[in-house]
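Here is the structure we will look at.
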Amino acid sequence: MKAEEVLQHVTTPLVNPAFAPVVPRFTDREYLNIVYRTDEAALRAVVPEPLEIEEPLVRFEVMKMGDVSGYGPYTESGQAIPVTFDGERGEYLHAMYLDNFPATASGREVSAYPKTIGSPSLFAENGALVGTLDYGSQRVATATMGYKHHALDLAGAAAQITVPTFMLKFVPGYDGAPRVAELVRTEITDVVVKQAWAGPARLQLFEHALAPLADLPVREIVSASHILTDLTLAPVKPVHDYLKGAR
């Protein structure tokens, strides 16, 4: 393989890449979102500067991807933390667990999504929407919400899921020191909200050393939503370089 041909690839193995070279379009992406209040000290211990916290809130999410170009259907779960950066409100992605390796690899390599292995699920049962997350054989989160109790304004639902998203991008050098250490920003584009609902909700988080969602404990449920969308994720852009100490 010639050098110019090598440069046409975006990941390895060259003959069997870990993910497809496409910008994925998400069709029928279904969200269960539960916003809860947590301990402020615990939250400040995990949110990196220069992001700032206004309230000690966390959004637990389970997302069932009906169809994704390049990846197929899969399910994802995690925690996002409302923050501000230079006066702009957004969310810091704290942790994401999913059951699709290509989506995990591309999310980490191409962008900066904090993705790792997990077994999330989202389904309706006995009048409830149920979202769960297992790590290996162990349950680490169970979320329940009344199924389609109250319709939400579609524009308001779109505003919930299209806030700017901030993440950390780390690329180590061969000596172990960081070659890239950046705070990056992205957002959802081309969003179409098909359905949006609210209802009563509960959330349980269980202790696990390698999936420490419970380190941000549930103190009070603030809101819950069930949203069905089509959308695209915009490319990430760096907004702060930790190695240079500059934005």
(request) Would you please name the residue that is farthest from Ala80 (Cα to Cα), looking only at residues in the stretch 23-57 that are within 18 Å of the chain's Cα centre (by Cα) and of a type in the set (S, T, N, Q)? (result) Thr27
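Okay, residues lined up against (1) open to solvent by less than 40 Å² (accessible area, probe 1.4 Å); (2) in contact with a Leu (Cβ under 7 Å, 6 or more places away or on another chain); (3) basic (Lys, Arg); (4) not in a helix (DSSP H, G or I):
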| site | (1), (2), (3), (4) |
| --- | --- |
| Gly176 | no, no, no, yes |
| Gln195 | no, yes, no, yes |
| Leu210 | no, no, no, yes |
| Lys244 | no, no, yes, yes |
(request) Tell me which of these Arg139 doesn't satisfy, since it passes every other one: (1) in contact with a strand residue (DSSP E or B) (Cβ under 6 Å, 6 or more places away or on another chain); (2) in a strand (DSSP E or B); (3) of a type outside the set (Gly, Ala, Ser); (4) open to solvent by 20 Å² or more (accessible area, probe 1.4 Å). (result) (1)
(request) With the condition kept exactly as written, say whether any residue in the stretch 91-105 is crowded, with 22+ Cβ neighbours inside 10 Å, under 16 Å from the mean Cα position of the chain (by Cα) and of a type in the set (Val, Ile, Thr). (result) yes
(message) Just the residues that are open to solvent by 10 Å² or more (accessible area, probe 1.4 Å), out of contact with any helix residue (DSSP H, G or I) (no Cβ under 7 Å at 6 or more places or on another chain) and either in contact (Cβ under 8 Å) with a residue 12 or more places away in the chain or of a type in the set (D, E, K, R) (or both), please, taken from the stretch 71-83.
(response) Gly72, Thr75, Pro82
(message) If the requirement is being of a type in the set (Gly, Ala, Ser) and in a loop (DSSP other than H, G, I, E, B), which of these qualifies: Ser106, Ser121, Ser111?
(response) Ser111
(message) Suppose we keep only residues that are open to solvent by 30 Å² or more (accessible area, probe 1.4 Å) and assigned to a loop (DSSP other than H, G, I, E, B) within the stretch 21-44. Which one would you say is modelled with the highest pLDDT?
(response) Asp39
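The values are calculated or read from the model by the stated rules, or taken from the named source; none is laboratory data. Only a predicted model underlies this, so the values are computations on that prediction, with no experimental measurement involved. No Cβ is skipped: glycine too gets one built from the backbone with ideal geometry, and neighbour counts run over all protein chains shown. These accessible areas exclude ligands, DNA and RNA; they are computed on the full protein's heavy atoms, side chains included. Shrake-Rupley method; radii C 1.70, N 1.55, O 1.52, S 1.80 Å.
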